[in-house]
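Heads up: the structure comes next, in structure tokens.
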Amino acid sequence: MNFRELANNLGLKEDDYMELIELFIETGRSDLDKLRSAMEEGNGEEAANAAHSIKGAAGSLGLMEISEIAKEIEEKARNNRLEETAGSTQAIKKKIEEIAELVTFTARSA
């Protein structure tokens, strides 16, 4: 993942983009917790809202793969098909953790 390129695509300085990425990691983890809780409770509306939040934040940062997965989760949750979202939720968690590792690595390399 090329943070500099993603920042340039959005017209941002890399440092500013990295701050937003760090915020995304923090809020993304929180939204994932909300999503998992809603799934366990069978609450499609809450699950859809959490997925919608992830979708929007990821999309605004150019993280389109995460945004697309979250969109699928949101649609399934709105149609009360929560049982179909577990794999996708795990995929988002994995992607967010990969980004967190890259941010840590990038910070150490700077």
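Read the figures in this text as sums done on the coordinates, not as results from a lab. Keep in mind the model is a prediction, meaning the values are calculated, not measured. Cβ placement follows ideal geometry from the backbone for every residue including glycine, while neighbour counts extend to all protein chains displayed.
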Item to check | Cβ-based net charge around E46, under 13 Å, with every Lys or Arg adding one and every Asp or Glu removing one | outcome: -3
Next on the checklist: Which one, G42, F3, G59, projects farthest toward the positive side of the charge dipole computed for the stretch 3-104 from Cβ point charges (K/R +1, D/E -1)?
Outcome noted: G42
Item to check | Helix-derived mean residue ellipticity, 222 nm - over the chain, DSSP H n ≥ 4, -39500 (n - 2.57), to 500 | outcome: -28000 deg cm²/dmol
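For K94 and E75, compute 0.36 nm times the residue count separating them, minus their Cα-Cα distance, and round to one decimal in nm.
4.8 nm
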Next on the checklist: Here is the link list: K13/K93; K71/K94; K13/K55; K55/K95. Which ones come out longer than 19 Å on Cα distance?
Outcome noted: K13/K93; K13/K55
